[in-house]
Amino acid sequence: MPVLKRLQAGHAPAVLAFELANRAYFAASISDRGDDFFDRFTDRYNAALAEQEAVCAFYVLLTEDGSVLGRFNLYDLEDGTARLGYRVAEQVAGRGVATAAVRELCRTATTMHGLRTLRAATSHDNAASRKVLIKAGFVPVGPATPADLGGRSGTWYQSDLQPYSVRAP
């Protein structure tokens, strides 16, 4: 059973393997990260870990052997609101894995981060992502511009999170 874990330094090799193995698959529906991302992966990964301490919360969906099946990120945590971004491995796409992880992250967003609202943008040509968001309780709230989505147009979705007990950090 996959488990959602907060991103840690030790996850770097598995995250890189996940990104490389799924690069072409991701590029079909979202902007490619580019060669520079992979050439400077260690620096970018370390920067993400530092950023996580301030305004973001990054998560990985791990198998029992430590392989990464997905990345689920909360960006710009401020005033009870954050943006959600995610990607799952091609090998588990269409099996409900992303929907289950987004639902779990919604619970975590309230209990661990005190969030009340999540927003996510997806392009018009990413039907799978739209389906995940709707199944996870998000509703469309307006247009997303190409600037929001790396050159593609789409829709913003929002979830007003259910209140859960907030755990002390």
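Coordinate-derived values only; no laboratory data. Bear in mind that the values here come from a model prediction, so they are computed numbers and not experimental data.
General observations
- Along its three principal directions, the equivalent ellipsoid of the chain from the Cα gyration tensor extends over semi-axes of 22, 20, 16 Å, largest first.
- Helix-only [θ]222 nm of the chain, DSSP H runs n ≥ 4, -39500 (n - 2.57) each, per residue, nearest 500: -9500 deg cm²/dmol
- Most fluctuating residue given options PHE37, PHE72, PHE18, as computed from a GNM of the chain linking Cα atoms under 10 Å: PHE37
- The string of couplings for the stretch 126-135 from the Karplus curve (6.51, -1.76, 1.60, θ = phi - 60°) is 10, 4, 5, 5, 4, 5, 4, 4, 5, 5 Hz, one whole number per residue in order, with x for Gly and Pro.
- Among ARG40, ARG87, ARG71, residue whose mean-square fluctuation peaks in a GNM of the chain (springs only between Cα atoms under 10 Å): ARG40
- Converting phi to 3J(HN,Hα) with the Karplus coefficients 6.51, -1.76 and 1.60 and the offset θ = phi - 60°, the stretch 56-67 yields 9, 9, 10, 10, 10, 9, 10, 7, 4, 8, x, 6 Hz in sequence order, with x at every glycine or proline.
- The phi-based Karplus calculation (6.51 cos²θ - 1.76 cosθ + 1.60; θ = phi - 60°) puts the 3J(HN,Hα) values of the stretch 143-151 at x, 10, 8, x, 5, 6, 10, x, x Hz, whole numbers, x for Gly and Pro.
- Using bins of 5 Å that start at zero, the share of Cα-Cα pairs per bin across the stretch 41-130 amounts to 3, 12, 22, 24, 20, 15, 4, 0, in whole %.
- Gyration tensor verdict on the stretch 82-154 (Cα atoms; rounded if a/c is under 1.5, prolate if a/b is larger than b/c, oblate otherwise): oblate
- Structure remark: mean-square fluctuation, Gaussian network model of the chain, C-alpha springs under 10 Å; the largest value among ASP125, ASP43, ASP76 belongs to ASP43.
- Inter-centroid distance (Cα atoms) of the stretch 64-141 relative to the stretch 1-63, Å: 15
- Taking amide H as placed 1.01 Å from N in the peptide plane, the amide H of HIS124 sits under 5 Å from that of SER153, GLY154, THR155, each at least 5 places away or on another chain.
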